[in-house]
Amino acid sequence: MGGFFGAVGTEDIMTDVFFGVDYHSHLGTRSGGLAAFNTEVGLQRKIHSIGNSPFRTKFEGILDSMSGHAALGCINDSDPQPLLVRSRLGSYAIAFVGIINNTQELVEEYIEQPGAQVTALTGGGVNSTELVAALINRRSTFAEGIRFAQEKIDGTALILILTDRGSIIAARDKRGVLPVHIGMKDGARCVSFEDFAYQKLDYQHEYELKAGEIAEITPDKTTILAEGTDQMKICAFLWTYYGFPTACYQGVNVEYMRCRNGEIMARNEMERGTLPEADFVAGVPDSGTPHAIGFANKSHLTFGRPFIKYTPTWPRSFMPPTQADRNRIAKMKQIPIDCLIRDKELLFVDDSIVRGTQMRETVEFLYESGAKAVHMRSACPPLMYGCKYLNFSRATSDMELITRSTIMELEGEEGLKHVDEYSDSTTERGKNMRKAICEKLHMASLEFQSVEGLVEAIGLDRCKLCTYCWTGKE
């Protein structure tokens, strides 16, 4: 996916932006970048790959080489950014978080204009941020251009612009899938994907942009350039997986939601009479752990940590460039605690089950370490559809999802007409899918949180949440 942070102040703001961007390191592993505006030298930019080392390491000397009263930065899993652009709107830096599903269509439409061009990447692709800028530049103001771009894009477009006037323009995507927060302190304002990033820098929360809203910040004020709407569809997966525990979205804290989610899962199992007599309830670290704490608290089963992730040298298992290396590192990080595993019946809670590859390896690792039985619970409903709105951990096709491939094995194309039944654990099809996945992954039992339970845990109206990856509905 990706995240960004920007700030404007009456004094040099680079230290705030450096640390603010660094606090988004959990949202991307491919590249990071910073841009700053200085009245003496204009716009400046630095971009580095962060595939094998964290943002802070790559940019630790940046404060000696860049300065400005306005700056922005981003971390992402897509093309390098921010970009510097010179157009009829002036010179500016732009960062983009989201996904464009109709890239080819937009490129073909754009390059038909006389003199238009867009930089081609290896393999014929284009930089998504450059395409967003090209669309914005087709209108006479930033607000009009951003609205035009967001209407043309099929997908999600969260946009941050640093102008050559020393202000920052922020735009939340039109569906409100992702968040944008604004903070303030004496002599400065900031805009951030994650609200805790600026709280640690002594900013106070000022405003959370509405879906489709566009705002411009200067050190002394926030100006709304285009009104938004309360009819948002914020990604529910933010709470179960993407978000850092200290983050809040629409006023709901991630850690609180995850503990509440685990409680609801346990409550539902107790009501159905399907709760195993496990020796320990544990989370698949790290994001599964708070779900497991809530589950243990409600079920009165003992919480434990049968294995610990060793993170000092490889803090993120998906940092290596190949899937084989990522899987190997993930396995190397799992350090077992023999007395909490051997001859024990374990119930694990993970944030989600996508392809099932790493979960299979985790379960096999536990059995190899002496576990008597391994039960698995997913803190979100069965993933049935590849996400159309985010580009982080997306399956190339729906059939890469273990739920979809299992349905095909059980019933072929006919089964895909009954996805709703397979999602429901009370139906015969739902029971068959869970049993088949258990056999594939060598688990003693498997259950998923329901959509209703997840919505209850978040606490927002269901109509305000995007649940597409579970329901296939907009």
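The values are calculated or read from the model by the stated rules, or taken from the named source; none is laboratory data. Since we're looking at a predicted model, the values are computed, not measured. Glycine gets a Cβ as well: all are built from the backbone with ideal geometry, and neighbour counts include every protein chain shown.
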- [ ] Name the residue, out of Thr156, Thr141, that is over 21 Å from Lys233 (Cα atoms) and in contact (Cβ under 8 Å) with a residue 12 or more places away in the chain.
- [x] Thr141
Open item on the list: Out of the residues in the range 47-88 meeting the condition of being under 20 Å from the mean Cα position of the chain (by Cα) and part of a strand (DSSP E or B), tell me which one is farthest from Ala170 (Cα to Cα).
Closed with: Ser49
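Is it fair to say Tyr110 is among the hydroxyl-bearing types (Ser, Thr, Tyr) and at pLDDT 95 or above? Before the answer, list the steps.
Details: among the hydroxyl-bearing types (Ser, Thr, Tyr): yes; at pLDDT 95 or above: no.
Taking the combined requirement at face value, the residue does not satisfy it.
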Open item on the list: I want to confirm something. Restricting to the range 275-285 and keeping residues that are in contact with a Lys or Arg (Cβ under 9 Å, 6 or more places away or on another chain) and closer than 17 Å to Phe365 by Cβ, which single residue is modelled with the lowest pLDDT?
Closed with: Pro285
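Does any residue of the range 119-129 turn out to be more than 30 Å from Glu474 (Cα to Cα), in the same structural domain as Ser25 (by TED's automatic domain parsing) and surrounded by 18 or more Cβ atoms within 10 Å (Cβ to Cβ)?
Restricting attention to the range 119-129, the residues satisfying the condition of being more than 30 Å from Glu474 (Cα to Cα) are 119-124.
Retained after the next criterion (residues that are in the same structural domain as Ser25 (by TED's automatic domain parsing)): 119-124.
Next cut, surrounded by 18 or more Cβ atoms within 10 Å (Cβ to Cβ) only: none.
No, there is no match, as no residue in the range 119-129 is more than 30 Å from Glu474 (Cα to Cα), in the same structural domain as Ser25 (by TED's automatic domain parsing) and surrounded by 18 or more Cβ atoms within 10 Å (Cβ to Cβ).
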Open item on the list: Among the numbered criteria (1) surrounded by 20 or more Cβ atoms within 10 Å (Cβ to Cβ); (2) farther than 23 Å from Gly183 by Cα; (3) at pLDDT below 90, which one does Thr57 miss?
Closed with: (1)
Open item on the list: Going by what's in this entry, would Asp64 be described as farther than 24 Å from Ser128 by Cβ and in contact with a Cys (Cβ under 8 Å, 6 or more places away or on another chain)?
Closed with: no
- [ ] Could you list all residues from the range 204-226 that are surrounded by fewer than 17 Cβ atoms within 10 Å (Cβ to Cβ) and either part of a loop (DSSP other than H, G, I, E, B) or within 17 Å of the chain's Cα centre (by Cα) (or both)?
- [x] Asp220
- [ ] Scan the range 8-43 for residues that are more than 15 Å from Pro80 (Cβ to Cβ), assigned to a strand (DSSP E or B) and in contact with a Phe, Trp or Tyr (Cβ under 8 Å, 6 or more places away or on another chain) and report the count.
- [x] 1
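Among the residues of the range 407-424, is any in a loop (DSSP other than H, G, I, E, B) and not charged (D, E, K, R)? Steps first, please.
The initial filter retains those residues of the range 407-424 that are in a loop (DSSP other than H, G, I, E, B), namely 424.
Narrowing further to those that are not charged (D, E, K, R): none.
For the range 407-424, residues in a loop (DSSP other than H, G, I, E, B) and not charged (D, E, K, R): absent.
Here's the yes/no breakdown for (1) in a loop (DSSP other than H, G, I, E, B); (2) touching a Phe, Trp or Tyr at 6+ places or on another chain (Cβ under 9 Å); (3) within 18 Å of Gly2 (Cα to Cα):
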position	(1), (2), (3)
Leu162	no, yes, yes
Gly166	yes, yes, no
Leu178	yes, yes, yes
Met184	no, yes, no
Val191	no, yes, yes
Ala197	no, yes, yes
Asp202	yes, no, no
Task: In the range 361-373, the residues that are in a helix (DSSP H, G or I) and either free of Cβ contacts under 8 Å to residues at least 60 places away in the same chain or surrounded by 17 or more Cβ atoms within 10 Å (Cβ to Cβ) (or both) - done: Glu361, Thr362, Val363, Phe365, Leu366, Glu368
Open item on the list: So for the range 389-397 (the condition being modelled with pLDDT of 95 or more, among the hydroxyl-bearing types (Ser, Thr, Tyr), out of contact with any strand residue (DSSP E or B) (no Cβ under 9 Å at 6 or more places or on another chain) and surrounded by fewer than 19 Cβ atoms within 10 Å (Cβ to Cβ)), does at least one residue qualify?
Closed with: no
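Does at least one position in the range 252-267 carry a residue that is without any contact (Cβ under 8 Å) to a residue 12 or more places away in the chain and not in a helix (DSSP H, G or I)? If you could, list the steps in order and put the result at the bottom.
Here is the first cut: in the range 252-267, the residues without any contact (Cβ under 8 Å) to a residue 12 or more places away in the chain are 253, 256.
With not in a helix (DSSP H, G or I) added as a condition, the list becomes 253.
Yes, some residue in the range 252-267 is without any contact (Cβ under 8 Å) to a residue 12 or more places away in the chain and not in a helix (DSSP H, G or I).
Take the residues in the range 294-322 that are among the polar types (S, T, N, Q) and over 21 Å from Met257 (Cβ atoms), then tell me which one is modelled with the lowest pLDDT. If you could, list the steps in order and put the result at the bottom.
Initially, the range 294-322 is screened for residues among the polar types (S, T, N, Q), giving 297, 299, 302, 311, 313, 317, 322.
Narrowing the set further to residues that are over 21 Å from Met257 (Cβ atoms) leaves 302, 311, 313, 317, 322.
Numbers: Thr302: 97, Thr311: 67, Thr313: 61, Ser317: 42, Thr322: 65.
The qualifying residue modelled with the lowest pLDDT is Ser317.
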Open item on the list: Any residue in the range 35-48 that is under 14 Å from Phe59 (Cα atoms) sitting within a Cβ distance under 6 Å of a residue that is among the β-branched types (Val, Ile, Thr)? List the pairs, counting only those 6 or more apart or interchain.
Closed with: none
Task: Considering residues of the range 200-228 that are free of Cβ contacts under 8 Å to residues at least 40 places away in the same chain and of a type in the set (S, T, N, Q) only, the residue farthest from Gln150 (Cα to Cα) - done: Gln204
